[in-house]
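No value in this document is a laboratory result; all are computed from the given coordinates. Everything quoted here is computed from the prediction, not taken from an experiment. All Cβ positions, even for glycine, are placed from backbone atoms using ideal geometry, and neighbour counts span all protein chains on display.
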Amino acid sequence: MVWNPEQYILFSDHRLRPALDLLSQIPLIAPSVIYDLGCGTGNVTSLLSQHWNEAIITGIDSSREMLEKARKDHPSIEWKLGDIAKFSPTSKGNLIFSNAALHWLDHHETLFPKLLAQLRPGGVLAVQMPNNFTAPSHQNLYDLAQTPEWIDKLGSLVRPAPVHNINWYFDMLAPMADKINIWETTYFQILKGKDAVLEWTRGTALRPFLQALEGDDVAAFEAQYAARLLEDYPARQDGSTLYPFSRLFIVVQLADG
Ligand SMILES: C[S@@+](CC[C@H](N)C(=O)[O-])C[C@H]1O[C@@H](n2cnc3c(N)ncnc32)[C@H](O)[C@@H]1O
């Protein structure tokens, strides 16, 4: 899928806050090797490098567009084009960090153990994933894509919710961990402007659907989706839109040596 860095960073304050909440819970003083998986435009990677300025930090992403912006904005950090599913670095990490990326990958039952295997003893895997797949913002998209009008063009893009519940991650990870910290937060995001939730999803969940359409279909699908969103997320009295967004956080530390 082609990402649009400019659209993604439109809501950078809201997207940054969970990354900072995740960062605040990492129980490491001076990790020397850090990987940021699905680093995107590198905003969060650069915070990691400011926080641990002695560390060797590599940002990895499968999007050339996102990495191009990362390289331009943060030339001192190492950026690599790569698929998280095939992550197998020559040097294992003290910290593998991933903010808002692993929900793009399926098969978490094999992905998470594979990532833990790339850590040194005492190393930490720190992950934040949106857990909003049954919220109206996403459900409306999937429901619309499966209506008779759109199913032939878009039906195949609807995938089962990729993120499991907290108990599922705990049961899988606790036997491999020395310490585990796992929590969920719903952020009541206050968005400004017209069609605010549509603008939000345009930067993420809606992208693959629009990319699969051509010509007038793009505007037609977007208009139908926007109308559904306005019903579920009406403007508040001051004109803003409240968009509740749940996120799942996992911080796993391996035993030392
Ligand atoms: C929502 S953005 C998050 C970017 C960044 N972590 C942040 O917090 O701003 C998700 C990123 O994950 C990347 N991504 C998705 N699937 C990937 C994969 N299989 N391998 C590498 N990167 C992937 C996308 O290209 C995108 O840049």
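Would you mind finding the one in Trp104, Trp79 that is within 25 Å of Glu184 (Cα to Cα) and hydrophobic (A, V, I, L, M, F, W, C)?
Trp104
Condition first: touching a Leu at 6+ places or on another chain (Cβ under 7 Å) and either free of Cβ contacts under 8 Å to residues at least 40 places away in the same chain or under 19 Å from Gly203 (Cβ atoms) (or both). Now tell me which residues in the range 103-135 satisfy that.
Within the range 103-135, Leu105, Leu111, Gln128, Met129, Asn131 qualify.
Taking the range 212-242 on its own, how many of its residues are among the basic types (Lys, Arg) and in a loop (DSSP other than H, G, I, E, B)? Explain how you work it out, then say what you get.
To start, the set of residues in the range 212-242 that are among the basic types (Lys, Arg) comprises 228, 236.
Applying the additional criterion that residues be in a loop (DSSP other than H, G, I, E, B) yields 236.
So the answer is 1.
Can you pull out the residues in the range 57-66 that are near the ligand (Cβ under 8 Å from one of its atoms) and out of contact with any Pro (no Cβ under 7 Å at 6 or more places or on another chain)?
Ile60, Asp61, Ser62, Ser63
Looking only at the range 88-116, count every residue that is in a loop (DSSP other than H, G, I, E, B) and crowded, with 20+ Cβ neighbours inside 10 Å and tell me the total.
2
Would you point out the residue of the range 217-242, among those that are more than 19 Å from Asp143 (Cβ to Cβ) and touching a residue at least 40 places away in the same chain (Cβ under 8 Å), that is surrounded by the fewest Cβ atoms within 10 Å (Cβ to Cβ)?
If we take residues in the range 217-242 being more than 19 Å from Asp143 (Cβ to Cβ) and touching a residue at least 40 places away in the same chain (Cβ under 8 Å), then Gly239 is surrounded by the fewest Cβ atoms within 10 Å (Cβ to Cβ).
Just checking, does the range 45-65 include any residue being among the aromatic types (Phe, Trp, Tyr) and over 17 Å from Met129 (Cβ atoms)?
Yes - at least one qualifying residue is present in the range 45-65.
A quick yes/no check of all residues on (1) among the aromatic types (Phe, Trp, Tyr); (2) away from the ligand (no atom under 11 Å from the Cβ):
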{"residue": "Pro89", "(1), (2)": "no, yes"}
{"residue": "Ser98", "(1), (2)": "no, no"}
{"residue": "Leu115", "(1), (2)": "no, yes"}
{"residue": "Leu119", "(1), (2)": "no, yes"}
{"residue": "Val127", "(1), (2)": "no, no"}
{"residue": "Thr134", "(1), (2)": "no, yes"}
{"residue": "Tyr142", "(1), (2)": "yes, yes"}
{"residue": "Ile151", "(1), (2)": "no, yes"}
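For Glu199, state whether it is away from the ligand (no atom under 16 Å from the Cβ) and either more than 26 Å from Leu95 (Cα to Cα) or assigned to a loop (DSSP other than H, G, I, E, B) (or both).
No, not satisfied.
Taking the range 151-178, which residues are part of a loop (DSSP other than H, G, I, E, B) and of a type outside the set (Gly, Ala, Ser)?
Passing the criteria: Val158, Arg159, Pro160, Pro162, Val163, His164, Asn165, Asp178.
Among Ala70, Ala85, which is the only one that is surrounded by fewer than 22 Cβ atoms within 10 Å (Cβ to Cβ), of a type in the set (Gly, Ala, Ser), assigned to a helix (DSSP H, G or I) and within 14 Å of the ligand (Cβ to nearest atom)?
Ala85
Can you tell which of Leu125, Leu144 is assigned to a helix (DSSP H, G or I) and of a type in the set (A, V, I, L, M, F, W, C)?
Leu144
Just to check your reading of the model, which residue among Phe245, Phe188, Phe209, Phe249 is outside any loop (DSSP other than H, G, I, E, B), surrounded by fewer than 18 Cβ atoms within 10 Å (Cβ to Cβ), among the hydrophobic types (A, V, I, L, M, F, W, C) and within 21 Å of the chain's Cα centre (by Cα)?
Every option except Phe188 fails the conditions.
What number of residues in the range 150-177 are touching a residue at least 12 places away in the same chain (Cβ under 8 Å) and either surrounded by 14 or more Cβ atoms within 10 Å (Cβ to Cβ) or hydrophobic (A, V, I, L, M, F, W, C) (or both)?
Count: 16.
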